[in-house]
Amino acid sequence: MSKRLIIKTILICLGLFLILDSAIFAYIFTKYPINTEKTVAVVVATENIKEGTVIEEGFLRKKQVYASGVNSGVETEIGNVAGKKALTNIHRDDYIRAHDLLERKDWYRDDERIIILPVSMEERLANLIRKGSYVDIRLQRDTSEVTEDILYKIQVKDVLDDAGIALDSKSAVNSKTAYLKLILGKTDREKIYSASRSGKLIYELYCDSTQKARGG
C-alpha cells in the first residue's frame with residue numbers, strides 16, 4: 001500500500017470519526033440539555049408551620065433553587081427568619097417570604113394586655129370555641145332581655161382549664177369551667193370590664209376566620 005493511500009485512508013477515517021462524534025454530542029445535548037442557569041440558596045420550611053407560630057431555626061433549612069424562580073421577597077438567610085411570627089400557614093418545603101413574617105417589635109401594640117374570661121360549657125358553645133376561634137362578644141343585661149354588641153370578631157388566643165393548662169393539651173384537667181385567653185387594647189378591655197358588671201357575657205362563634213365581622 002502506497003504512503004499516499006495510507007494518508008488518505010487515515011484522513012477519511014478521521015473525518016468519519018469527527019462526524020460521528022459530532023452527531024453523538026449533538027444528540028446528547030439535544031436530549032439532555034445542560035442547564036447553565038445560576039442557582040441561589042433560599043430558606044424553606046422543614047415542617048408545617050401554623051399561623052402565629054414563632055419560627056425557630058430548627059424549622060428552617062437552605063435549599064438550592066434556580067434564580068429565575070426566586071423573587072426579591074424570598075428570604076435567603078435563616079437569621080432573617082428565626083424569631084419572627086408566621087402570618088400565614090407555611091407548609092413543609094415552602095419558600096419563606098418576607099411578607100409572611102411579623103417582626104417581634106410589631107407583635108403587640110403598647111396598650112394591649114392579656115385578659116382571662118371564665119366560661120361554662122354552655123357559654124363555650126359545647127366546646128366549639130377553641131384556640132384560634134373568632135367570636136363576637138355580646139352583653140345580656142340583668143334588667144333586659146335584649147342583647148347588646150360589645151366587641152366584634154375577637155380571636156381567642158387560647159382556652160385554659162382551672163390549672164391554666166391549654167384544653168387541647170393531653171395534660172389538661174377535665175373541668176366544667178374554662179377560661180378564654182384574649183389580647184385586647186385598653187379601650188376594648190374597658191368595654192369588657194364595664195359589660196361584665198352589668199350582666200352576662202355571651203359569645204357568638206364565627207364559622208371560620210374568613211367570615212366578615214358583623215360590625216365591620
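The values are calculated or read from the model by the stated rules, or taken from the named source; none is laboratory data. Everything quoted here is computed from the prediction, not taken from an experiment. Cβ coordinates were reconstructed from backbone atoms using ideal geometry, including for glycine residues, and neighbour counts include every protein chain displayed. Areas reflect the complete protein model, heavy atoms only, side chains present, ligands, DNA and RNA absent. Shrake-Rupley method; radii C 1.70, N 1.55, O 1.52, S 1.80 Å.
Values as computed for the structure displayed
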| quantity | calculated |
| --- | --- |
| In segment 14-50, residue least open to solvent (accessible area, probe 1.4 Å) [restricted to those that are at pLDDT 85 or above and not in a strand (DSSP E or B)] | THR46 |
| HIS91 being assigned by the TED database to the domain that holds PHE59, without any contact (Cβ under 8 Å) to a residue 60 or more places away in the chain and out of contact with any strand residue (DSSP E or B) (no Cβ under 9 Å at 6 or more places or on another chain) | no |
| Residue under evaluation ILE96, criteria (1) without any contact (Cβ under 8 Å) to a residue 60 or more places away in the chain; (2) open to solvent by 60 Å² or more (accessible area, probe 1.4 Å), criterion not met | (2) |
| Segment 119-128: number of residues that are more than 18 Å from ASP188 (Cβ to Cβ) and surrounded by 11 or more Cβ atoms within 10 Å (Cβ to Cβ) | 4 |
| Criterion (of a type in the set (Lys, Arg) and more than 28 Å from ARG214 (Cβ to Cβ)) met by exactly one of LYS157, LYS105 | LYS105 |
